[in-house]
Amino acid sequence: MAIERTAHCDCGQVHITATADPYAVVMCHCRACQRRTGSPYGVGAYFQSSDCNIQGETNSYIRTGASGSDFENRFCPKCGTTVYWLTPFHPDGLGIAFGVFDGDDLPAPDRSVWESERHHWINVSTRERWLEGRTGPKVKSTE
Ligand SMILES: [Zn+2]
Ligand SMILES: [Zn+2]
C-alpha cells in the first residue's frame, strides 16, 4: 500500500498530503526554533517537494539563519501555526513541522543540530549530533 500521511494547521485551513517517507527528521535546538515553536526545540520532517501536496493559504516570514541564508517559514494566516518551511539547504525539499501531522507513525529524529543552545534537561538519543549546523563540530560521544 502506498504511504500517505496527512498534516494540517490547528484550524485546518492549511492541509498537506505527503506520499512518501521523509528523507530526514531533524530536531533543532536553536533559539529561533525555540521561539518559532514556543517549545524547547523544534522538530521537522523533510520531504521531497514533489511528494507533497499543499492546499490552503499561507503567509511567509523569512528570517536569516545562523548560516546567513534565508529560512522561510510558511504559516496559516488564521491560526498562526507554522506548517512548513523552505531553506536553501533543502533545495528540492521542504520541512514540515513534526507536530502538525495526523497519526503517530513518523520516524524518530535521526539528527540533532544546534546542541550548543540545547536546554540541559533535554535528552537526545539520535545517531548524529551536531553542536551547531551540519558544517560545524559534532557533539562528542560520552559513551
Ligand atoms: Zn490554520
Ligand atoms: Zn533551529
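The values are calculated or read from the model by the stated rules, or taken from the named source; none is laboratory data. Not measured: the values here are computed from a predicted model. FYI the Cβ positions are ideal-geometry reconstructions off the backbone, even for glycines, and counts take in every protein chain you see.
Among the residues examined, Arg111 qualifies as under 15 Å from the mean Cα position of the chain (by Cα), more than 16 Å from ligand 1 (Cβ to nearest atom) and modelled with pLDDT under 95.
All but one of (1) charged (D, E, K, R); (2) within 16 Å of ligand 2 (Cβ to nearest atom); (3) out of contact with any Leu (no Cβ under 8 Å at 6 or more places or on another chain) hold for Arg74; state the number of the condition that does not hold. Status for Arg74: all satisfied but (3).
Considering each residue of the range 1-13, count those that are of a type outside the set (Gly, Ala, Ser) and either at pLDDT below 95 or in contact with a Ser or Thr (Cβ under 6 Å, 6 or more places away or on another chain) (or both), and give that number. Let's see the steps before the verdict.
At the first step, the residues of the range 1-13 found to be of a type outside the set (Gly, Ala, Ser) are 1, 3-6, 8-11, 13.
Applying the additional criterion that residues be either at pLDDT below 95 or in contact with a Ser or Thr (Cβ under 6 Å, 6 or more places away or on another chain) (or both) yields 1, 3-4, 6, 9-10.
Going through the range 1-13 one residue at a time, the tally reaches 6.
Taken over the range 28-80, residues that are of a type in the set (Gly, Ala, Ser) and surrounded by 12 or more Cβ atoms within 10 Å (Cβ to Cβ) amount to 9. Only residues that are surrounded by 12 or more Cβ atoms within 10 Å (Cβ to Cβ) and over 18 Å from Ala108 (Cβ atoms) were counted in the range 119-142, giving 6. For the range 34-52, residues that are in contact (Cβ under 8 Å) with a residue 60 or more places away in the chain, more than 16 Å from ligand 1 (Cβ to nearest atom) and not in a strand (DSSP E or B) total 3. Residues in the range 53-63 include none that are more than 14 Å from ligand 2 (Cβ to nearest atom), more than 30 Å from Lys138 (Cα to Cα) and touching a residue at least 60 places away in the same chain (Cβ under 8 Å).
When restricted to residues that are surrounded by fewer than 21 Cβ atoms within 10 Å (Cβ to Cβ) and within 16 Å of ligand 1 (Cβ to nearest atom), the range 1-12 contains 5. If you go through the range 85-94 and pick out every residue that is farther than 16 Å from Thr64 by Cα and buried (at least 18 other Cβ atoms within 10 Å of the Cβ), you end up with 2.
Close contacts from the range 13-33, counting a first residue that is within 16 Å of ligand 1 (Cβ to nearest atom) and a second that is assigned to a strand (DSSP E or B) and among the aliphatic types (A, V, I, L, M), with Cβ to Cβ under 7 Å and a gap of 6+ residues or different chains, come to Val14/Val83; Ile16/Ala7; Ile16/Ile54; Ile16/Val83; Ile16/Ile96.
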